[in-house]
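*Asks:* Once you've had a glance at the structure underneath, I'll fire off some questions.
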Amino acid sequence: MRNAGLGGWPARRAQMSPDRTAFVHGERPLSYAEVHERTTRLASRLREAGVRPGDRVVYLGPNHVAFAETMFATHVLGGIFVPLNFRLAAPEIAYMLEHSGASVLVYAPECAAQCAAAVRDRPHRSGPRTVVALESPAEGERHYETWLAEGDPTPIDTPVALDDVALILYTSGTTGRPKGAMLSHANLTWNCFHIMIGVDVTSTEVTLISAPLFHVAALNQTLLPTFLKGGTSVIMPSWDVDRCYDLIERHRVTWMFGVTAMFAAFARSPRWADADLSSLRTLMSGGAAIPVALIRAYQERGLVFCQGYGMTETSPGATFLEAGESVRKVGSAGVPVFFANVRVVRPDLTPVAPGEPGEVLVQGPNVTPGYWRDPEATAAALAEGGWFHSGDLATLDDEGHLHIVDRVKDMYISGGENVYPAEVEGVLFEHPAVAEAAVVGVPDDTWGEVGRAFVVPRDGADVTPGALRDFLRPRLAKYKIPAYVDVVDALPKTGSGKIHKPDLRRRPLPPAPRSDP
């Protein structure tokens, strides 16, 4: 087989374990043999639509087996797969379609309105030549299942090298346009190796895909390693706490990934105490530092909670905390993944001392070759020797374990002192009435900047700003205590479930109460 990339995986896996279940979506299981045949048929249709090596194919929609089929079919032809956040507005989608130069768009019915505005109602814009709808295609569009079923099942073997670009993943920027991070087939393959070294992934794995696949973590940290090992991926269209409990019990799920908001909601459920979670072997988190109090809540329930650190540009794993260290090093993001290097440095690029915050730099075969059609951003992010500047602040302990402090851009300076919101958020989360918390820096005439906390109380809990400040005073230095505390019903979230802090920073300041740092 000349395809050394992901496009060869369905054929290889079908040869090794044709009858094993690859995907479960709703009530529909698909074997590896079926995935191989469907992927081949779809690839033949994409080829008829003009897709050639290097051409871009976009998928827009919630988690669905069609996501994986479209990705693998694109890679069969040596094309580049571009999954988009289905929560984006039409102008954002239109920009990404144009910037990527997509030749084919596959979309789900939930995204029909955005597609109409981004594609059909913008004839002056360059756009995809072929549009494929999972359901109810508009005039001139293809119907996914019908189009696929009529494809040619004859195997296709296009030469694809490991260093060829496999994915373009648009990163959510706080300013300006989002950047398209390129990931090669080698990046993705090495990341799978890192996961299989850090987690004992088995051929009998049953992995719950509950986070959005258009983000790097759900795709590269769970679905692809599970597929490579021949396990089963149970695909949830979107996050739902009760549905998650149901699927774990029904399919005996062994492994799942989530971010803080997902795991916090899962633990707050009334089903938490009595649900049968005995099948779960590994829970894995990433995307942001998980509060220690939440990790301990899972450990007390007898669940192994592994935390890693990474980003889109590192495919994403950069460090990982193995299960055996999860209690002793609770709250740590672990050590560098096996084949990568991680440094924590001062602004002059000299190594920090243990406990001293610095920027995280990552080097290795999992690091992006750069940003799509953006040489300036590529040059700014990649230093000599292939070291990627993360923009994240961390410390190293005396054993070399990484502890994420915050984003460089999230840190604020109050009265000359650095304040890391993640530290304040972690303490707020220890309050029994707090379900979620986010802290941002806001302008202040006296101190330059002060903190503003947004807190979501647990269901039925009554909490006041004054009570929260009283809780923080014995636990934090005075300058770290937020000057403003807002008790809110919900926090704004990104498509991956992370708290969207730019939205919080834009909110007008309340007149009072506040307290000086």
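*Asks:* Do you know which residues across segment 381-415 are in contact with a Leu (Cβ under 8 Å, 6 or more places away or on another chain) and more than 16 Å from PRO336 (Cα to Cα)?
*Replies:* ALA383, VAL405, ASP406, ARG407, VAL408, MET411
*Asks:* Still on this model: Given the criterion under 18 Å from PRO351 (Cα atoms) and not polar (S, T, N, Q), identify the matching residue among HIS389, HIS431.
*Replies:* On the way: HIS431 fails: under 18 Å from PRO351 (Cα atoms).
The unique qualifying residue is HIS389.
*Asks:* Can you run down the residue pairs with Cβ atoms below 6 Å, 6 or more apart or on separate chains, where the first is in segment 319-344 and at pLDDT below 95 and the partner is surrounded by fewer than 19 Cβ atoms within 10 Å (Cβ to Cβ) and β-branched (Val, Ile, Thr)?
*Replies:* ALA323/VAL304; SER326/VAL304; VAL330/VAL292; GLY331/VAL292
*Asks:* Then there's this: Tell me, which residue of segment 342-384 that is closer than 18 Å to MET311 by Cα and among the charged types (D, E, K, R) is farthest from the chain's Cα centre (by Cα)?
*Replies:* ARG343
*Asks:* Let me ask another. What pairs can you find where one residue is in segment 36-53 and under 14 Å from ASP157 (Cα atoms), the other is aromatic (Phe, Trp, Tyr), and their Cβ atoms are less than 6 Å apart, with a gap of 6+ or different chains?
*Replies:* Every condition considered, the pairs that remain are THR39/PHE72.
*Asks:* Of the residues that make up segment 175-197, is at least one free of Cβ contacts under 8 Å to residues at least 40 places away in the same chain, surrounded by fewer than 18 Cβ atoms within 10 Å (Cβ to Cβ) and closer than 19 Å to VAL337 by Cβ?
*Replies:* The answer is yes, given that some residue of segment 175-197 is free of Cβ contacts under 8 Å to residues at least 40 places away in the same chain, surrounded by fewer than 18 Cβ atoms within 10 Å (Cβ to Cβ) and closer than 19 Å to VAL337 by Cβ.
*Asks:* Additional query: Just checking, which of ASP410, ASP397 is in contact with a Ser or Thr (Cβ under 9 Å, 6 or more places away or on another chain) and among the acidic types (Asp, Glu)?
*Replies:* Numbers: ASP410 fails: in contact with a Ser or Thr (Cβ under 9 Å, 6 or more places away or on another chain).
After applying the criteria, what remains is ASP397.
*Asks:* Sticking with this structure for a sec: Could you look through segment 138-169, keep only residues that are exposed (fewer than 12 other Cβ atoms within 10 Å of the Cβ) and modelled with pLDDT under 95, and pick out the one that is nearest to ASN191 (Cα to Cα)?
*Replies:* My answer is GLY140.
*Asks:* What's the number of the condition ARG243 fails, among (1) closer than 17 Å to LYS498 by Cα; (2) part of a helix (DSSP H, G or I)?
*Replies:* Against the list (1) closer than 17 Å to LYS498 by Cα; (2) part of a helix (DSSP H, G or I), ARG243 comes up short only on (1).
*Asks:* Look at LYS478 and say whether it is modelled with pLDDT under 90, surrounded by fewer than 18 Cβ atoms within 10 Å (Cβ to Cβ) and more than 29 Å from SER285 (Cα to Cα). Quick ask: steps written out before the conclusion?
*Replies:* Values: modelled with pLDDT under 90: yes; surrounded by fewer than 18 Cβ atoms within 10 Å (Cβ to Cβ): yes; more than 29 Å from SER285 (Cα to Cα): yes.
So LYS478 fits the description; yes.
Quick grid of which residues meet (1) under 24 Å from GLY334 (Cβ atoms); (2) outside any strand (DSSP E or B); (3) small (Gly, Ala, Ser):
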| residue | (1), (2), (3) |
| --- | --- |
| VAL405 | yes, no, no |
| ASP410 | yes, yes, no |
| VAL439 | no, no, no |
| PRO443 | no, no, no |
| VAL463 | no, yes, no |
| ARG469 | no, yes, no |
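*Asks:* One residue is enough: does segment 2-10 have a residue meeting the conditions touching a strand residue (DSSP E or B) at 6+ places or on another chain (Cβ under 9 Å) and surrounded by fewer than 18 Cβ atoms within 10 Å (Cβ to Cβ)?
*Replies:* Taking every residue of segment 2-10 in turn, at least one turns out to be touching a strand residue (DSSP E or B) at 6+ places or on another chain (Cβ under 9 Å) and surrounded by fewer than 18 Cβ atoms within 10 Å (Cβ to Cβ).
Matching residues to (1) modelled with pLDDT of 90 or more; (2) among the acidic types (Asp, Glu); (3) farther than 21 Å from GLY415 by Cα:
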residue: PRO465; (1), (2), (3): yes, no, yes
residue: ASP489; (1), (2), (3): yes, yes, yes
residue: PRO492; (1), (2), (3): yes, no, yes
residue: SER496; (1), (2), (3): no, no, yes
residue: PRO508; (1), (2), (3): yes, no, yes
residue: PRO513; (1), (2), (3): no, no, no
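Quick grid of which residues meet (1) free of Cβ contacts under 8 Å to residues at least 60 places away in the same chain; (2) within 17 Å of VAL119 (Cβ to Cβ); (3) in the same structural domain as VAL119 (by TED's automatic domain parsing):
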| site | (1), (2), (3) |
| --- | --- |
| TYR59 | no, yes, yes |
| ASN63 | no, no, yes |
| ALA66 | no, no, yes |
| PHE72 | no, no, yes |
| PHE81 | no, no, yes |
| PHE86 | no, yes, yes |
| ALA89 | yes, yes, yes |
| MET96 | no, yes, yes |
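*Asks:* Is it true that VAL335 is surrounded by fewer than 21 Cβ atoms within 10 Å (Cβ to Cβ), part of a loop (DSSP other than H, G, I, E, B) and among the β-branched types (Val, Ile, Thr)? Full working, then the answer.
*Replies:* Values: surrounded by fewer than 21 Cβ atoms within 10 Å (Cβ to Cβ): yes; part of a loop (DSSP other than H, G, I, E, B): no; among the β-branched types (Val, Ile, Thr): yes.
Considered against the rule, which asks whether it is surrounded by fewer than 21 Cβ atoms within 10 Å (Cβ to Cβ), part of a loop (DSSP other than H, G, I, E, B) and among the β-branched types (Val, Ile, Thr), VAL335 comes out as no.
*Asks:* Of all the residues that make up segment 77-104, how many are over 22 Å from the mean Cα position of the chain (by Cα), in a loop (DSSP other than H, G, I, E, B) and of a type outside the set (Gly, Ala, Ser)?
*Replies:* Summing the residues that are over 22 Å from the mean Cα position of the chain (by Cα), in a loop (DSSP other than H, G, I, E, B) and of a type outside the set (Gly, Ala, Ser) in segment 77-104 gives 1.
*Asks:* Which one of the conditions (1) under 30 Å from GLU384 (Cβ atoms); (2) in a loop (DSSP other than H, G, I, E, B); (3) modelled with pLDDT of 85 or more does ALA289 fail to meet, given that it meets all the rest?
*Replies:* Only one criterion is unmet by ALA289, namely (3).
*Asks:* Tell me, which residue of segment 442-465 that is in contact (Cβ under 8 Å) with a residue 60 or more places away in the chain and surrounded by fewer than 22 Cβ atoms within 10 Å (Cβ to Cβ) is nearest to ARG407 (Cα to Cα)?
*Replies:* VAL442
*Asks:* Same structure again: Can you tell me which condition ALA422 does not meet? The list is (1) over 23 Å from PRO336 (Cβ atoms); (2) assigned to a helix (DSSP H, G or I), and all the others hold.
*Replies:* Against the list (1) over 23 Å from PRO336 (Cβ atoms); (2) assigned to a helix (DSSP H, G or I), ALA422 comes up short only on (1).
Per-residue answers, yes or no, for (1) surrounded by fewer than 20 Cβ atoms within 10 Å (Cβ to Cβ); (2) aromatic (Phe, Trp, Tyr); (3) assigned to a loop (DSSP other than H, G, I, E, B):
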site: MET256; (1), (2), (3): no, no, no
site: MET262; (1), (2), (3): no, no, no
site: PHE266; (1), (2), (3): no, yes, no
site: PRO270; (1), (2), (3): yes, no, yes
site: GLY302; (1), (2), (3): yes, no, yes
site: GLU313; (1), (2), (3): no, no, no
site: GLY324; (1), (2), (3): yes, no, no
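*Asks:* Mind listing whichever residues of segment 346-380 are in contact (Cβ under 8 Å) with a residue 24 or more places away in the chain and assigned to a helix (DSSP H, G or I)?
*Replies:* Hit for segment 346-380 is ALA377, nothing else.
*Asks:* Being among the small types (Gly, Ala, Ser), in a loop (DSSP other than H, G, I, E, B), assigned by TED's automatic domain parsing to the domain that holds VAL304 and surrounded by 23 or more Cβ atoms within 10 Å (Cβ to Cβ): is that true of ALA217 here? First the steps, then the outcome.
*Replies:* Details: among the small types (Gly, Ala, Ser): yes; in a loop (DSSP other than H, G, I, E, B): no; assigned by TED's automatic domain parsing to the domain that holds VAL304: yes; surrounded by 23 or more Cβ atoms within 10 Å (Cβ to Cβ): yes.
So ALA217 fails the test.
*Asks:* May I pose another question? Quick check: anything in segment 395-403 within 17 Å of LYS501 (Cβ to Cβ), in contact (Cβ under 8 Å) with a residue 12 or more places away in the chain and part of a strand (DSSP E or B)?
*Replies:* The initial filter retains those residues of segment 395-403 that are within 17 Å of LYS501 (Cβ to Cβ), namely none.
There is no residue in segment 395-403 that is within 17 Å of LYS501 (Cβ to Cβ), in contact (Cβ under 8 Å) with a residue 12 or more places away in the chain and part of a strand (DSSP E or B).
The values are calculated or read from the model by the stated rules, or taken from the named source; none is laboratory data. Here the structure is a predicted model, which means the values were calculated and not measured. Counting neighbours? That spans all protein chains shown, and the Cβs are built from the backbone with ideal geometry, glycine included.
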